[in-house]
1. Considering A:Ala92, A:Ala134, A:Ala130, A:Ala117, which residue is over 15 Å from B:Gly190 (Cα atoms), modelled with pLDDT of 95 or more and either surrounded by fewer than 19 Cβ atoms within 10 Å (Cβ to Cβ) or of a type in the set (Lys, Arg) (or both)?
2. Tally time: how many residues in the stretch A:194-230 are free of Cβ contacts under 8 Å to residues at least 24 places away in the same chain and β-branched (Val, Ile, Thr)?
3. Looking only at the stretch B:94-106, which residues are in contact (Cβ under 8 Å) with a residue 60 or more places away in the chain, surrounded by fewer than 21 Cβ atoms within 10 Å (Cβ to Cβ) and not charged (D, E, K, R)?
4. Can you tell which of A:Arg18, A:Arg39, A:Arg86 is of a type in the set (Lys, Arg) and closer than 28 Å to B:His56 by Cβ?
5. Only residues that are at the interface with chain A (Cβ under 7 Å from one of its Cβ atoms) and modelled with pLDDT of 95 or more: list them for the stretch B:146-169, please.
6. I need the helices (runs of 4 or more DSSP H) fully contained in the stretch A:213-305, keeping only those with at least 2 residues that are over 25 Å from the mean Cα position of the chain (by Cα) and under 13 Å from B:Arg121 (Cα atoms).
7. Tell me the residue from B:Thr242, B:Thr247, B:Thr230 that is facing another protein chain (nearest Cβ under 10 Å) and either modelled with pLDDT of 95 or more or farther than 30 Å from B:Arg121 by Cα (or both), please.
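The values are calculated or read from the model by the stated rules, or taken from the named source; none is laboratory data. Quick caveat, the model's predicted, so the values are computed rather than measured. Here the Cβ is made from the backbone with ideal geometry for all residues, glycine too, and neighbour counts use every protein chain on show.
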Amino acid sequence: MSEQAAQRLEEELRRELREAQAAHSQYLSELEATAEASRAARSSREEGLPGDLDDDPAMTVLTDTSLPDEPRIQVLHQLGPSLSRRDEFIEALLAIVKDRSDSPAVREAALQALGSAAFQVLRFRPHQPAYDDALHDLVADPVPALREAAVGILAQQHDPVVQETLIQGLRGEGSLPVERERAILLLAEDDHLDNLPWLRELYRSGSESVREQSVRFMGSYPDARSTLEGILRDKNESTSVRQQSGASLRHLAPDRFEAVAKEISTDTTDDPEVRTACLTALQHLGDTARVYADTEFVHRMQDVSGDESAPQVAQVARELLERRPDL
Amino acid sequence: MSKPVMVRIRKNANQLSPAERDRFTTTLAKLNDQGAGLFKDFREMHRQQLALAQAHGAPGFLSWHRAYLLDLERELQRLDPSVTLPYWRFDQPAPNLFTADFMGRSGALGNVSFSGTNLLRQWQTDGAAGVTREPGFNVQTGRANVINQAITLLLGGDRPNAIFDTGTDQDGFDEMEFNPHGNAHTSFTGSSYIRSRGTAPRDPLFFLLHCNVDRLWARWQWFHNRFDGTQPNTFFFRGSATSTPHTDIGHNLLDTMWPWNNVTGFPRPDNAPRTPFPQVATATAPGPAPTVGDMIDYLGFLNAQSDMNFAYDVPFGVAPT
């Protein structure tokens with residue numbers, strides 16, 4: 001970058017920052033006005049905040065449930081960084097999330113803010129138990145988006161309470177906090193559980209995307225090996241589901257995948273995208289030396305590389321041949 | 001003042017050429033090697049509580065992640081020297097990023113789908129295939145729910161715990177850890193891997209997110225001339241964990257950073273997945289056990305030996321005025 005270009009960049013950045021600072025100052029003025037009105041209204045209702053919070057326009061606005069959503073959510077967006085260090089801010093967010101009488105939109109925004117704060121591991125540590133409690137409370141919350149968010153976070157942590165809730169719900173022994181398909185996939189994130197029966201159910205009943213998810217998670221279960229090979233070979237199944245089956249089969253049985261992938265990639269009647277995915281995996285992963293040592297396969301690749309009726313397959317075949325170690 | 005540079009440039013992921021994109025995804029997938037490759041070490045470094053405490057919620061956050069990214073990038077470059085980490089500019093729409101040919105297209109219930117030629121189709125972490133990612137925004141036209149770059153660059157002010165001081169009204173550039181960093185993570189919903197600190201590196205998008213976090217720090221450094229870690233307006237806790245004042249271990253200027261320092265046992269984790277920091281022929285920095293402070297002068301403006309041979313597409317090569 002030339003010095004002139006750098007100077008122009010710096011000037012442009014300074015202008016951008018001046019504008020941002022001016023906009024922020026404007027926002028702070030508006031916030032103060034909103035906070036003043038809030039204090040007055042609260043005073044007339046004989047409500048109040050602790051003294052120090054009452055002096056803080058951001059906290060005043062954030063915690064006033066009589067205000068519309070927008071100014072409260074704006075506090076989180078505009079001032080979240082500077083507020084995030086303060087314990088009372090985190091405590092206020094927890095209170096908002098747990099208050100079922102508060103606005104769902106504000107509660108969702110508060111939950112996102114808590115999630116962001118949770119990344120600050122050391123600073124957030126004192127609040128972690130209360131956050132975990134709040135998430136567990138949300139599993140039974142009347143707002144679907146909040147339930148879904150909490151169940152998703154806890155399921156990723158392999159939370160045993162949530163897992164048991166989902167299992168009971170799937171068995172019909174209790175209510176499910178999320179839709180059935182989502183419940184199955186959330187349980188599937190923990191491969192220590194016996195999820196294969198649920199995943200088979202999902203594959204039989206789901207949309208293409210859900211079927212793709214189900215074969216993705218089947219890749220954690222050796223008993224699914226033959227099912228996955230069958231799906232990979234099934235020319236009536238969608239491209240993406242077959243491709244994912246291939247990836248899952250490769251995880252469970254790389255040698256078997258290699259054999260099947262070689263068949264599919266040289267089958268001119270098969271889906272070009274699936275053939276391409278097989279060739280890409282053969283080319284880059286696993287024992288590539290063994291792949292190249294298979295002279296019959298390499299010979300067939302030479303035919304494939306010249307087949308312009310499947311140009312993408314031909315291209316990948318040419319790349320594979322170009323990478324042959326003996327060339 | 002300018003300096004001649006031969007550096008590996010990190011670019012905006014949304015603007016990569018197809019060839020650049022494919023080299024990156026192929027190389028990253030090869031490093032993962034369907035769960036069996038070296039990538040699993042990077043996964044382990046960002047998983048358990050004690051490991052996360054080495055890198056989050058204290059002033060060493062930015063230095064640690066700069067080292068983490070550079071470590072990953074150098075491993076990628078062992079496989080393909082032409083590859084650099086791209087950054088996800090999360091305060092702008094990035095429609096080219098969330099495609100089947102790149103970081104994947106999210107479908108129903110968070111399933112991420114990749115094209116046939118995208119080797120990330122073989123991605124695997126923690127024994128499970130694929131990625132779960134549910135964007136909370138329209139990936140074609142929208143952006144993450146974060147403060148924009150200009151507001152981020154304004155962060156910084158006099159405070160006891162601040163590590164960067166611009167003298168402006170807003171406090172603490174390190175508060176960008178909450179927003180935009182934290183908000184970029186939590187702009188994904190449901191059970192998205194990237195949404196939670198313990199699972200985030202299971203999604204390859206995590207590294208592009210953090211590359212932008214590092215780019216923002218780099219830009220802040222350049223704009224405010226913050227390359228001297230011994231200055232209070234660049235870093236507040238300029239001693240070690242036993243100095244006065246000090247902060248949590250691993251977050252003081254002179255502290256070496258886990259795992260590269262191979263120090264284990266509480267308050268550090270019980271193991272060190274990657275040690276020492278990889279050395280390369282094209283740069284002498286950082287050393288095998290980098291300190292928090294070692295990561296600040298990454299362009300070698302103060303000390304040419306500190307040059308780590310990476311930079312961002314804008315700006316680079318020119319010292320601040």
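1. None of the others qualify; the one that does is A:Ala130.
2. 0
3. B:Pro95, B:Asn96
4. Details: A:Arg18 fails: closer than 28 Å to B:His56 by Cβ; A:Arg39 fails: closer than 28 Å to B:His56 by Cβ.
Every option except A:Arg86 fails the conditions.
5. Residues satisfying the conditions do not exist here.
6. Here the list reads A:272-284.
7. Working: B:Thr242 fails: facing another protein chain (nearest Cβ under 10 Å); B:Thr230 fails: facing another protein chain (nearest Cβ under 10 Å).
Result of the check over B:Thr242, B:Thr247, B:Thr230: B:Thr247.
Here is a yes/no grid of residues against (1) under 14 Å from B:Trp258 (Cα atoms); (2) touching a Ser or Thr at 6+ places or on another chain (Cβ under 8 Å); (3) surrounded by 23 or more Cβ atoms within 10 Å (Cβ to Cβ):
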site: B:Glu44; (1), (2), (3): yes, no, no
site: B:Gln49; (1), (2), (3): yes, no, no
site: B:Arg78; (1), (2), (3): no, no, no
site: B:Ser82; (1), (2), (3): no, no, no
site: B:Trp88; (1), (2), (3): no, no, yes
